[in-house]
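Notes follow once the structure below has been shown.
The values are calculated or read from the model by the stated rules, or taken from the named source; none is laboratory data. It should be emphasised that the depicted structure is a prediction, and the values quoted were computed from it without experimental measurement. Neighbour counts run over all protein chains shown; Cβ positions are idealised from the backbone, glycine included. Accessible surface is based on the protein model in full, side chains and every heavy atom, while ligands, DNA and RNA are left aside. Shrake-Rupley method; radii C 1.70, N 1.55, O 1.52, S 1.80 Å.
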Amino acid sequence: MAVTEPMSERINNRFADHIKDLRQQDLFRYRRVLEGAQSARVRLEGREYLSFCSNDYLGLANHPRIAAAAKAAIDKYGVGAGASGMVTGHMQVHETLEADLARFVGLPRAMHFASGYQANIGVICSLAGRGDTIYSDALNHASLIDGTRLSRAEVRRYAHADMAALEQSLSEAASGLRLVVTDSVFSMDGDIAPLPRLLALCEQYDALLMVDDAHGFGVLGEHGRGCLEHFGLASERIIYVGTLGKAAGVAGAFVAGSDALVENILQRARTYMFSTATPPMLAAALLESLRVLSEEAWRREHLRALIGQLKSGVAAYARLLPSQTAIQPMVLGANAAALEFSARLKARGILVPAIRPPTVPEGTARLRISLSAAHSMDEVNALIEALRVNAPRAAAEQAPVVLDKKG
Ligand SMILES: *Cc1c(COP(=O)(O)O)cnc(C)c1O
């Protein structure tokens with residue numbers, strides 16, 4: 001082996017200091033290693049836990065029919081797509097999936113992406129660029145924020161769900177195309193964006209409206225078609241993004257909208273063009289997932305019942321953020337307080353993640369409880385009881401609150 005010079009102390013210190021800073025601010029993160037399938041009960045460190053951590057809202061991540069569809073697709077298509085969708089990676093099963101996704105959400109055309117992160121960046125950068133103006137909710141998902149940054153458009157952030165602030169901003173002069181971008185269900189708060197009002201403003205100011213329905217697709221609306229069904233909205237100025245790794249239980253994402261908009265995205269989205277198409281077995285699994293979403297409406301009904309059960313079960317002693325969705329956060333304030341509460345629940349065999357900055361704003365660290373149709377009412381009762389026994393008293397008061405180290 002060749003003798004090499006050791007790295008300079010300056011470089012080593014830079015990275016060691018970074019880790020030290022994270023630990024000091026209670027921001028260090030580590031990954032849990034799951035020893036089996038994603039489910040209401042998961043195994044880790046050799047022990048079984050009741051989990052309220054996943055976005056598998058309908059319990060489809062380990063659904064036997066969906067898994068069987070993936071296995072059958074391997075026999076037919078192999079495991080890899082082998083090329084970008086623009087070259088030879090786009091197979092019949094991807095084509096069928098796009099048609100079924102468009103039909104499912106009731107929009108003219110859909111285009112599949114490998115992930116929601118890639119979809120959001122690809123879509124925003126395809127539609128807006130230098131000289132255009134993007135209006136972005138302050139609590140939008142990181143992938144939307146990164147998309148707006150990469151687009152080089154002017155970005156105007158408005159206070160979370162503040163329609164007066166957005167209108168004020170839209171009423172000011174702006175260059176180029178106007179694009180309003182929002183989560184439908186805010187991923188760390190669980191509240192739903194006022195989409196009818198957003199659409200009305202977009203009509204008034206001739207803007208496009210891009211909606212990221214990562215936490216609504218499959219769950220919201222009578223048939224699980226997402227936020228547009230929930231509100232009964234339709235407009236050719238809507239660009240809809242749904243992700244397929246959450247309620248749909250698999251992986252990937254799609255954009256849907258008018259033929260002209262989707263064609264423009266297909267022609268320009270670099271995160272699609274310069275990335276290998278998804279394994280065909282995933283597309284086959286998703287086709288089956290769409291069928292299950294339609295046929296097993298009981299999953300949405302059961303999830304709705306669990307949400308009501310949790311909210312009324314904790315109302316007397318703890319304050320959750322006002323959310324009607326499967327995302328039910330309890331804001332604790334300090335990072336250490338959220339970590340400690342999460343650790344106490346873990347000791348009782350219940351997993352609820354502590355969410356800290358930069359995922360949420362400074363001083364609003366929280367437990368993010370997420371419910372799934374895979375949970376039973378007994379399991380939600382176990383969570384309610386564990387929250388009652390362990391809830392720091394301050395969590396019952398106005399959120400956000402800051403607790404001291406001992407909670
Ligand atoms: C999870 C999420 C994404 C990213 O989707 P992936 O398919 O997981 O990459 C995008 N937007 C929101 C709001 C999300 O919660």
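Taken over region 35-46, the residue count meeting the criterion of being part of a loop (DSSP other than H, G, I, E, B), without any contact (Cβ under 8 Å) to a residue 60 or more places away in the chain and either among the hydroxyl-bearing types (Ser, Thr, Tyr) or surrounded by 11 or more Cβ atoms within 10 Å (Cβ to Cβ) (or both) is 4. Test Asp56 against the criterion of being open to solvent by less than 20 Å² (accessible area, probe 1.4 Å), touching a strand residue (DSSP E or B) at 6+ places or on another chain (Cβ under 9 Å) and charged (D, E, K, R), and give yes or no. In short, yes.
Across region 107-137, the number of residues qualifying as within 14 Å of the ligand (Cβ to nearest atom), open to solvent by 20 Å² or more (accessible area, probe 1.4 Å) and not aliphatic (A, V, I, L, M) comes to 3.
Being surrounded by 14 or more Cβ atoms within 10 Å (Cβ to Cβ) and either more than 16 Å from the ligand (Cβ to nearest atom) or closer than 15 Å to Ala214 by Cα (or both) is the requirement here; does Ala67 meet it?
Values: surrounded by 14 or more Cβ atoms within 10 Å (Cβ to Cβ): yes; either more than 16 Å from the ligand (Cβ to nearest atom) or closer than 15 Å to Ala214 by Cα (or both): yes.
Yes: the conditions hold for Ala67.
What is the residue count in region 211-235 for residues that are over 23 Å from Val250 (Cβ atoms) and touching a residue at least 40 places away in the same chain (Cβ under 8 Å)? Residues meeting the conditions: 1. Is it fair to say Tyr49 is in a strand (DSSP E or B) and touching a Leu at 6+ places or on another chain (Cβ under 9 Å)? Yes; evaluated as a whole, the condition is true for this residue.
If the requirement is being closer than 24 Å to Gly257 by Cα, in contact (Cβ under 8 Å) with a residue 40 or more places away in the chain and not aromatic (Phe, Trp, Tyr), which of these qualifies: Ile66, Ile134? Steps first, answer last, please.
Working: Ile66 fails: closer than 24 Å to Gly257 by Cα.
Among Ile66, Ile134, only Ile134 is closer than 24 Å to Gly257 by Cα, in contact (Cβ under 8 Å) with a residue 40 or more places away in the chain and not aromatic (Phe, Trp, Tyr).
Please tell me if Val185 is under 16 Å from the mean Cα position of the chain (by Cα), within 12 Å of the ligand (Cβ to nearest atom) and within 24 Å of Ser275 (Cα to Cα).
Numbers: under 16 Å from the mean Cα position of the chain (by Cα): yes; within 12 Å of the ligand (Cβ to nearest atom): yes; within 24 Å of Ser275 (Cα to Cα): no.
The answer is no for Val185.
Every condition in (1) assigned to a strand (DSSP E or B); (2) surrounded by fewer than 20 Cβ atoms within 10 Å (Cβ to Cβ); (3) within 14 Å of the ligand (Cβ to nearest atom); (4) not hydroxyl-bearing (Ser, Thr, Tyr) holds for Arg157 except the one numbered (3). Of all residues in region 1-34, those satisfying the criterion of being open to solvent by 100 Å² or more (accessible area, probe 1.4 Å) and among the charged types (D, E, K, R) are Glu5, Glu9, Arg10, Arg14, Lys20, Arg23, Arg29, Arg31. Looking only at helices (runs of 4 or more DSSP H) that lie completely in region 191-281, which have at least 3 residues being under 27 Å from Met163 (Cα atoms) and open to solvent by 10 Å² or more (accessible area, probe 1.4 Å)? Because the criterion is at least 3 residues that are under 27 Å from Met163 (Cα atoms) and open to solvent by 10 Å² or more (accessible area, probe 1.4 Å), the helices (runs of 4 or more DSSP H) in region 191-281 that meet it are 195-204, 227-231. Taking the stated definitions as given, is Leu166 touching a residue at least 12 places away in the same chain (Cβ under 8 Å), surrounded by fewer than 20 Cβ atoms within 10 Å (Cβ to Cβ) and outside any loop (DSSP other than H, G, I, E, B)? Criteria not met by Leu166.
Residue count for region 55-93 satisfying the condition of being acidic (Asp, Glu) and under 30 Å from Ser187 (Cα atoms): 1.
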